[in-house]
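Engineer: The structure's right below; bear with me while I get my questions together.
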């Protein structure tokens, strides 16, 4: 299967980035990207010989540049700023260090240059203040997924769907969607899982299609599917958007660097702009939380492959198994308890806790509810 023409450079770049990671199964990686191993090895060799520019079709650029004058350095700085108006001095310097052989000034000097040419907005600068967050200790330990706020198009609206690896900040998906339905999200996730593998944990907010307005039963059919795949599902604390802080920060960058400055024609046009920026974000844009490295430098494929047929639901001999009925209820010890409609038709397992009369309810590997026989009050 050949590379798609529009995305061939970004696909090649992402492929070789993952291929260079120690321990990568190259034949599996080739399958994920739909190419023959011979083609994969060809692009790896080209990248080793000539870097990113060697991935273009017979295109060659010099690896280094001759000594530049101060004016040339300034023009290079201003050119990057024009292409990326939301980037500050440290990002611009880190970007140029990887792209050129120029002897670059300190970030403070770059800030002075930007100020001198009228590229600084003091009010905007005050908004960018770093703060400490939890960081997963390895790629694919935790993924964050959310819809960015939608915006109007000449016909319809765009709902940007975003997916970020917590450890590396690598963007696994940026899709221009016509709505926020479960079917669209699930189809996108299947594609992502086939390429990158499965995460250990997924973090969502509490809204649809992965959450429920009824916080007592926050699961949906989408999240039950994820749990069946062996993924732990976690929901952010209600009214605490900072729990999804990395994805929220990604949304701010997407808004500042793409959406705010572009007049989109339709969803296809949105997707083309998103694809181009996603490549810049993953492979070119320095990330301050990563010490000005790029996200792709810290990401590697998951070693958990996507199982095409869903694994069977099995529980141990000590489990008290009940089937969830039409209204999301189970019958246990002559009582009826509400578990959640998302589990309708599935078996769940009950395990006694150390508290007398209290049982934890599990769906596959995940605890989804707790029932107390002593507090039972005819729930339905």
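Engineer: Output yes when any residue across the range 332-352 is within 25 Å of residue 199 (Cβ to Cβ) and out of contact with any strand residue (DSSP E or B) (no Cβ under 9 Å at 6 or more places or on another chain), and no when none is.
Structural biologist: Looking for residues that are within 25 Å of residue 199 (Cβ to Cβ) and out of contact with any strand residue (DSSP E or B) (no Cβ under 9 Å at 6 or more places or on another chain), one finds none in the range 332-352, hence no.
Engineer: Now a separate question. Has the range 296-305 got any residue that is under 25 Å from residue 234 (Cβ atoms) and assigned to a strand (DSSP E or B)?
Structural biologist: no
Condition check ((1) modelled with pLDDT of 95 or more; (2) in contact with a helix residue (DSSP H, G or I) (Cβ under 9 Å, 6 or more places away or on another chain); (3) over 29 Å from residue 173 (Cβ atoms)) across all residues:
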residue: 284; (1), (2), (3): no, yes, no
residue: 293; (1), (2), (3): no, yes, no
residue: 302; (1), (2), (3): no, yes, no
residue: 327; (1), (2), (3): no, yes, yes
residue: 341; (1), (2), (3): no, yes, no
residue: 348; (1), (2), (3): yes, no, yes
residue: 353; (1), (2), (3): no, no, yes
residue: 357; (1), (2), (3): no, yes, yes
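Engineer: Being touching a helix residue (DSSP H, G or I) at 6+ places or on another chain (Cβ under 8 Å) and surrounded by fewer than 14 Cβ atoms within 10 Å (Cβ to Cβ) is the requirement here; does residue 262 meet it? Give the derivation first.
Structural biologist: Details: touching a helix residue (DSSP H, G or I) at 6+ places or on another chain (Cβ under 8 Å): yes; surrounded by fewer than 14 Cβ atoms within 10 Å (Cβ to Cβ): yes.
Criteria met by residue 262.
Engineer: For residues that are at pLDDT 85 or above and more than 26 Å from residue 273 (Cβ to Cβ), scanning just the range 94-129, find the one that is nearest to the chain's Cα centre (by Cα).
Structural biologist: That would be 97.
Engineer: Next up: Only one residue in 345, 291 is loosely packed, with under 12 Cβ neighbours inside 10 Å and closer than 30 Å to residue 97 by Cβ. Which one? Give the steps one after another, and end with the answer.
Structural biologist: Working: 345 fails: closer than 30 Å to residue 97 by Cβ.
Residue meeting the stated conditions: 291.
Engineer: Can you tell me which residue within the range 53-93, out of those that are exposed (fewer than 11 other Cβ atoms within 10 Å of the Cβ) and not in a loop (DSSP other than H, G, I, E, B), is modelled with the highest pLDDT?
Structural biologist: Looking at the filtered set, the residue picked out is 82.
The values are calculated or read from the model by the stated rules, or taken from the named source; none is laboratory data. Remember, predicted model here, so these are calculated numbers, not experimental data. Positions of Cβ are generated from backbone atoms using ideal geometry, with glycine treated the same way; all protein chains shown enter the neighbour counts.
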